[in-house]
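Below you'll find the structure, written out as structure tokens, and then a few comments.
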Amino acid sequence: MPAMPAETMRAMVLERPGTPLVLRERAVPDPKPGEVLLSVSACGVCRTDLHVVDGELTRPTLPVVPGHEIVGRVLAVGAGVEGFHLGQRIGVPWLGATCGTCPYCRDGRENLCDAPQFTGYTRDGGYATHTVADSRFCVPLPDGMDDAAIAPLLCAGLIGWRSYRMAGEGRVLGLYGFGAAAHILAQIAVQQGRRVYAFTRRGDVASQDFARQLGAAWAGAAEERPPEPLDAAIVFAPVGALVPAALAAVRKGGRVVCAGIHMSDIPSFPYALLWEERQIRSVANLTREDARAFFAAVPGLTLWTEVTRYRLEDANRALDDLRAGRLQGAAVLGCG
């Protein structure tokens with residue numbers, strides 16, 4: 001039987017953008033109708049969290065507990081919850097709820113909802129010992145990976161998967177920025193028979209070596225040309241200047257997918273880079289169907305996540321390490 005919910009919880013709270021998170025003790029919330037209460041065991045530290053904390057995403061609901069790569073176990077369920085049972089391990093991703101009534105929701109594009117809620121941004125997330133979530137947007141998690149290892153799949157994996165599908169069926173794929181998402185996606189692409197070229201900051205030999213260890217056919221600086229033209233490129237790094245660089249690297253009819261929720265301004269570039277039917281696309285959020293498709297595919301893949309583990313109280317240090325580029329793979333908080 002699962003343990004009874006505690007009366008109090010600990011959470012790392014963003015009270016004002018641009019300032020460190022503060023450890024607070026709070027009452028454990030009761031799940032409302034349609035919600036589940038989770039005991040959080042692990043929460044990934046995503047670059048989107050950094051954008052929230054640093055104030056680059058400008059509409060948080062404050063104070064807010066960041067974190068949207070949440071792995072936890074069901075402690076209690078609200079009225080009307082179906083499909084989850086006490087003690088079950090489930091995940092909570094970025095898309096926390098949608099209105100269900102706007103034209104985008106009715107058209108099956110809930111990632112573009114006009115009135116969404118986002119975990120760790122407009123509703124409390126997983127930098128905490130407990131959290132509540134809308135059960136309709138939670139994800140049953142497969143066996144085979146421990147809590148910390150599977151946490152990055154809930155955003156780095158999901159947004160990488162959506163970006164991958166948007167990139168099309170080309171066999172030669174470039175990944176700009178080799179962090180949490182790219183190191184997962186590179187493994188998927190290689191196992192599916194694609195050639196992967198990894199682009200990193202100039203001089204980042206460690207990340208280039210890491211990419212080759214995961215099967216990349218080539219790794220080099222973002223300013224370099226790959227050994228052959230790319231069929232598609234995915235830009236994970238939040239650097240607008242990489243978009244023209246990626247356009248210059250893709251072949252005629254190639255596609256550049258911008259995978260981040262925030263990016264610095266894209267500089268002007270000659271039309272010749274876009275001509276010959278090259279395309280630029282952005283990825284916005286994700287859908288429940290993305291999660292179902294991705295986690296259905298996971299058991300058939302051999303995925304390994306490089307994880308640096310931190311205590312909940314060390315969330316600010318994890319964010320600092322991510323900000324400074326000191327991480328290989330992903331950072332994960334142990335919250336239990």
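The values are calculated or read from the model by the stated rules, or taken from the named source; none is laboratory data. If you're wondering where the values come from, they're calculated on a predicted model, not measured in any experiment. Please note: Cβ atoms are built from the backbone with ideal geometry, for glycine as well, and neighbour counts cover all protein chains shown.
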Take Leu312 and tell me if it is in the same structural domain as Tyr104 (by TED's automatic domain parsing), in contact with a Lys or Arg (Cβ under 8 Å, 6 or more places away or on another chain) and within 27 Å of Gln208 (Cα to Cα). no
Would you confirm whether any residue within the stretch 242-256 is in a loop (DSSP other than H, G, I, E, B) and surrounded by fewer than 19 Cβ atoms within 10 Å (Cβ to Cβ)? no
Unique residue being among the basic types (Lys, Arg), part of a helix (DSSP H, G or I) and out of contact with any Leu (no Cβ under 6 Å at 6 or more places or on another chain) when the list is Arg326, Arg317: Arg317
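Mind telling me which of the residues Asp143, Asp124, Asp107 ends up being of a type in the set (D, E, K, R), outside the structural domain of Ile184 (by TED's automatic domain parsing), surrounded by 16 or more Cβ atoms within 10 Å (Cβ to Cβ) and at negative phi?
Exactly one residue qualifies, and that residue is Asp124.
Rundown of residues vs (1) touching a strand residue (DSSP E or B) at 6+ places or on another chain (Cβ under 6 Å); (2) more than 23 Å from Leu14 (Cα to Cα); (3) at pLDDT 95 or above, yes/no style:
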| site | (1), (2), (3) |
| --- | --- |
| Asp54 | no, no, yes |
| Thr58 | no, no, no |
| Val71 | yes, no, yes |
| Gly78 | yes, yes, yes |
| Arg89 | yes, yes, yes |
| Leu95 | no, no, yes |
| Pro103 | no, yes, yes |
| Asp107 | no, yes, yes |
| Leu112 | no, yes, yes |
Reported set for the stretch 118-158 where residues are of a type in the set (S, T, N, Q) and under 19 Å from Arg24 (Cβ atoms) is Thr119, Thr122, Thr129, Thr131
Among the residues of the stretch 20-42, which ones are surrounded by 20 or more Cβ atoms within 10 Å (Cβ to Cβ) and β-branched (Val, Ile, Thr)? Val36, Val40
Name the single residue that is surrounded by the most Cβ atoms within 10 Å (Cβ to Cβ) among those in the stretch 167-184 being over 15 Å from the mean Cα position of the chain (by Cα) and at pLDDT below 95. Gly170
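Which of the following residues is out of contact with any Phe, Trp or Tyr (no Cβ under 8 Å at 6 or more places or on another chain), under 27 Å from Phe236 (Cβ atoms) and charged (D, E, K, R): Arg109, Arg89, Arg24? Give the steps one after another, and end with the answer.
Working: Arg89 fails: under 27 Å from Phe236 (Cβ atoms); Arg24 fails: under 27 Å from Phe236 (Cβ atoms).
The match here is Arg109.
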Evaluate the stretch 275-284: report whether one residue or more is out of contact with any strand residue (DSSP E or B) (no Cβ under 7 Å at 6 or more places or on another chain) and of a type in the set (S, T, N, Q). no
For the stretch 47-72, give me each residue that is surrounded by fewer than 17 Cβ atoms within 10 Å (Cβ to Cβ) and either assigned to a strand (DSSP E or B) or free of Cβ contacts under 8 Å to residues at least 60 places away in the same chain (or both). Gly55, Thr58, Leu62, Pro63
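Given the stretch 123-209, what strands (runs of 3 or more DSSP E) lie entirely inside it while holding 3 or more residues that are touching a Leu at 6+ places or on another chain (Cβ under 6 Å)?
172-176
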Just need a number here: residues in the stretch 66-112 that are β-branched (Val, Ile, Thr) and in contact with a His (Cβ under 9 Å, 6 or more places away or on another chain). 3
From the list Ala206, Ala259, Ala246, which one is touching a helix residue (DSSP H, G or I) at 6+ places or on another chain (Cβ under 8 Å) and of a type outside the set (Val, Ile, Thr)? Ala259
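Condition (residue is part of a helix (DSSP H, G or I) and in contact (Cβ under 8 Å) with a residue 40 or more places away in the chain) applied to the stretch 257-273: is it met by at least one residue? Spell out the reasoning first.
Taking the stretch 257-273 and keeping what is part of a helix (DSSP H, G or I), we get 271-273.
So of that shortlist, the ones also in contact (Cβ under 8 Å) with a residue 40 or more places away in the chain come out as none.
No, the conditions are met nowhere in the stretch 257-273.
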What is the one condition in (1) over 21 Å from Arg255 (Cβ atoms); (2) surrounded by 15 or more Cβ atoms within 10 Å (Cβ to Cβ); (3) not basic (Lys, Arg) that Gly336 does not satisfy? (2)
Among (1) on the phi < 0 side of the Ramachandran plot; (2) outside any strand (DSSP E or B), the one test that Asn285 misses: (1)
Just need a number here: residues in the stretch 299-330 that are of a type in the set (Val, Ile, Thr) and surrounded by 20 or more Cβ atoms within 10 Å (Cβ to Cβ). 2
